[in-house]
1. Step through the residues of segment A:179-191 one at a time and calculate ³J(HN,Hα) from phi using the Karplus curve (6.51 cos²θ - 1.76 cosθ + 1.60, θ = phi - 60°), rounding each to whole Hz and writing x for Gly and Pro.
2. For peptide B:51-61, how many partner chain Cβ atoms fall within 10 Å of a residue's Cβ, on average?
3. Please give the average number of partner chain Cβ atoms lying within 10 Å of the Cβ of each residue in B:173-185, rounded to a whole number.
4. Quickly rank A:377-385, A:403-411, A:91-99 as a protection proxy: mean count of other C-beta atoms within 10 Å, highest first.
5. What FRET efficiency comes out for B:Thr96 versus B:Lys166 if R0 is 30 angstrom and r is the Cβ-Cβ distance? Round to the nearest 0.05.
6. Given the options B:Val125, B:Val246, B:Val181, which has the most mean-square fluctuation in a GNM of chain B, springs set between C-alpha atoms less than 10 angstrom apart?
7. Express in whole angstrom the spacing between the alpha-carbon centres of segment B:108-158 and segment A:287-303.
8. May I ask you to give the average projected area over all directions of the convex hull of the Cα atoms of chain A, in nm² rounded to one decimal?
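Read the figures in this text as sums done on the coordinates, not as results from a lab. As the structure is a prediction and not an experimental result, all values here were calculated from the model. Neighbour counts run over all protein chains shown; Cβ positions are idealised from the backbone, glycine included.
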Amino acid sequence: MNAPSNPSPVRPNDYSAYPDANGRFGDYGGQYVPETLMPLVHDLDAAYSAAKADEGFQAELAGFLTHYVGRPSPLYFAERLTAHYGGAKIYLKREELNHTGSHKINNCMGQILLARRMGKTRIIAETGAGQHGVATATVCARFGLPCVVYMGAVDVERQKPNVFRMNLLGAEVRPVTSGSATLKDAMNEALRDWVTNVHDTYYLIGSAAGMHPYPVMVRDFQAIIGREAREQILEAEGRLPDAVVACVGGGSNAIGLFHPFLNDAEVKIFGVEAAGEGLDTGRHAAAINGGRPGVLHGNMTYLLQDREGQIEEAHSISAGLDYPGIGPEHAWLHDVGRATYLSATDTESLEAYSLLAKLEGILPAIESAHALARLPEITKEVGKDGIVVLNLSGRGDKDVAAVAAHLGMEI
Amino acid sequence: MSKARIDARFAALKAEGRAAFVAYVMAGDPDAATAAKILAGLPAAGADLIELGFPFSDPMAEGPPIQRAAQRALKNGMTLQGTLDLARGFRAGDVTTPLILMGYMNLIVTCGIEAFARDAADAGVDGVIVVDCPPEEAGPLADALDAAQVSLIRLATPTSDDLRLKTIVRRTSGFVYYVSVAGVTGVKEADAAEVAPHVARVRAASGLPVAVGFGIKTPERAAAIARVADAVVVGSALVDEIAEAVEMNEDVTQRVLSKVSSLAKAVRSARVGQTTV
């Protein structure tokens, strides 16, 4: 596929009907993987389709989400934050209250049940901030499966508490020193492991990215966020929100919130990318705002890359958003104009982190703080009578050391 | 014209009753000038075909040796166009040795698939292997390479069952590359006895010569594979020689070519006194 240089997108009637049979969201997605893995991704696709249609599987998943993860997560009216901005009413979808402290567990629970169903006996995963690694290690402990988590050596250093948590949960954390030693390199190493251990290993991808069927599967498992939020806001306000907002790295928490609202034309959709030190500095992680389409990790999507097509390092204070790509469904939603992708810098996100702590008594993950950072503009645009739902995708305890360092404090 | 070069080489080797030795090197490793010298010396050292890698920042199917080779090359400024320049330079001095480019999809997409196919043909490239472009995604690339008369060479692997092989061999030409182990390049060792039935299967499905690569490091192993396959590919062991020579401050070209000679000799003598396959 040629990279779509001049997208002339057709707006579909049904946004929820994607991907197509080839795993494509418009020009994006697909299965660009080494031949050794093709039979495995085909098997996974078939196994997932069967599980998705199986009421027994869905009931088992629902049971674990209720009793183990703690769903539904609350939709909380952030009264003081609303008053602070003086615009639209702000509701927070409290994914940080899930077991393990982020939305990541929703997907991990779904995929671990699928892995068991497929008879896989070894789990591998990649992680950036460590949230997905912790969630994966957690479900592996719960089901007694050995777990190897690949994590960039740089991230191991800046997310030490999560590394320790994974070890406590029985997982082996393998620091990755190749390339830029961050999330993309951890994903390369996980793929290398998978291609080497094809018979027993299940690769539990944490983002709505990578090769088909991962983007659709992860989205489906995360879409419980949006389904609950939709029901909860209808109950609280008697109507749909005017806007939904989430941070976007690979984009799993965002697509989980967005997807059930895609066909509600009156609901504006905002993703917030990590602008790092600023989009104009070149040191950021904003694939849509600062990249262009290409192929990496099995899919066609927006990527940070040089003129030649070499992948560039992403830069963000948030390890969870520090990825040079974005899930293919976001790439497509951007091109067709259904969602708007904004960005927030490290500094703006740190300010939003502190503000939420002070006004609402909630420490947000620094990832989620990127979404919070765009509330001034979004609440203003939506206006005083409006309603905004923001996905508070993770809790911020893991970030206190990094935040302190940026504030020049010692703890 | 280029497909013909691969076919002619395999036909000649079949007449000689021996397998081909295929040398893989990375373009620009350790630098463009040295890589050009290595390339030029490969046929005389015994390489029957040459695979020339074009470096990518995120080579997900490569083990550490080729990852590091790509990093050395990128650090020294190698590009896809630079790789094509190397190919052109090689072709100016050698009109018979098939030259195959091997790399990852993003650089080709960035270049433009049709432009890439045309440029490759112009540079005297005979075939292309794209590691992360399976048949499902290869339609436009296959069309463009067909139009440019360059072979699209596909990979078959230990995970390819008979049904999958049918998909793989469709629209492939020149030869099929059998990846002898499930894994990345240059880590696990290939076992000739295990590989033999798969080679036969791939040959039957494709009607094409079968090259075996991934995990062949020594002359002994190369000879064993040469008894069961139509071609033996060695890559990681060669780029490791480059890395060591750079580190020890030795003559890189001489060291790589001497390794090529010993491997080629082993491949050439593997079937002496044996009935041909």
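1. Once rounded to whole Hz, the list reads x, 8, 6, 10, 4, 5, 6, 4, 5, 4, 5, 5, 5.
2. Rounded to a whole number, the mean comes out at 6.
3. Across B:173-185, the average partner-chain Cβ count within 10 Å equals 3.
4. A:91-99, A:377-385, A:403-411
5. 0.40
6. B:Val246
7. With segment B:108-158 and segment A:287-303 each reduced to a Cα centre, they are spaced 21 Å.
8. The Cα convex hull of chain A, projected and averaged over all directions, gives 18.5 nm².
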